[in-house]
Structure formats: structure tokens, C-alpha cells
Amino acid sequence: MPDKHGGGGTQNGIIRVDPDAVPGLRSAFADALARVDHQLELAEAELRVSTWAKDPVSQSATILFNDRSVESDRSAVDALRAYRTELDAAVQNLDKTAKQYSKTDGDNVHGVGKHEG
């Protein structure tokens with residue numbers, strides 16, 4: 001449902017965005033995507049730990065830490081990857097939206113005055 005100012009809103013699960021807001025939204029999502037990509041690079045390179053001591057407690061702690069951090073389907077890094085996928089989809093959808101708005105504006109410009117006279 002559009003907001004009372006006509007600038008956007010949601011209706012039936014569809015988000016309506018003011019065409020003028022699309023570039024700013026895309027920029028914000030692209031910036032967040034770049035930041036997440038950087039964090040994933042750091043996590044994949046530096047988050048995994050190795051056992052310092054050879055005792056069973058240290059070895060168990062290492063396995064548990066790595067599993068929760070980077071190795072399991074429910075790890076912190078896996079959650080970050082899922083978030084990255086959502087951000088990427090948002091950027092792609094905003095690109096499509098911008099193209100649609102641009103095409104619609106172009107169609108409207110070419111259609112003005114066609115039926116006059």
C-alpha cells in the first residue's frame with residue numbers, strides 16, 4: 001500500500017520505490033555488499049584456528065570453534081554468506097528496477113504528443 005505521501009510502500013508483498021530513490025538505495029546495498037565481501041575474505045583467511053596445545057581439551061575446543069565459525073551449515077560464516085546472497089539479489093533487483101523506470105520514462109517521452117492534433 002503506498003504511503004500517504006505517495007513515495008512508496010508495500011502491497012501484496014511488493015515493495016514500491018520512488019524512482020528517484022533507486023540510485024541511493026542501490027548505492028547503499030552495493031556498499032553493504034562490498035563490506036560483507038571484505039568480511040568474508042577475512043573470515044575465510046583468518047577465522048579458522050588450529051590447536052595450540054596437544055591436549056584433548058584444546059583439540060575439542062578447536063574443533064567446536066571451527067565448526068561453529070566456518071565449517072558447518074549453521075556456522076557464522078555460512079550465515080554471512082546467506083546475507084551476502086540476499087544483498088546481491090537486492091542490488092540486482094534495483095538494477096532491474098532502474099532499467100524499468102528508465103524504459104518507462106523513455107516510452108512516455110516518445111508517446112507525448114502522438115495523439116495530439
Semi-axes (Å, rounded, descending) of the ellipsoid equivalent to the stretch 21-95 per its C-alpha gyration tensor are 35, 11, 6
Partner aspartates and glutamates whose C-alpha sits under 18 Å from that of K103, ignoring same-chain residues fewer than 8 away, are D18, D20, D95
With DSSP loop assignment and no more than 12 other C-beta atoms within 10 Å, the chymotrypsin sites (Phe, Trp or Tyr not before Pro) in the stretch 19-97 are W52
Phi-derived 3J(HN,Hα) across the stretch 12-20 with the Karplus relation (6.51, -1.76, 1.60, θ = phi - 60°), rounded Hz, x for Gly and Pro, is 6, x, 9, 8, 9, 10, 4, x, 5
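Just so you know, all these numbers are worked out from the coordinates, no wet-lab data involved. Fair warning: this is a prediction, and the values are worked out from it, not measured in the lab. Methodologically, a virtual Cβ is constructed for each residue, glycine included, from the backbone with ideal geometry; neighbour enumeration extends over all protein chains shown.
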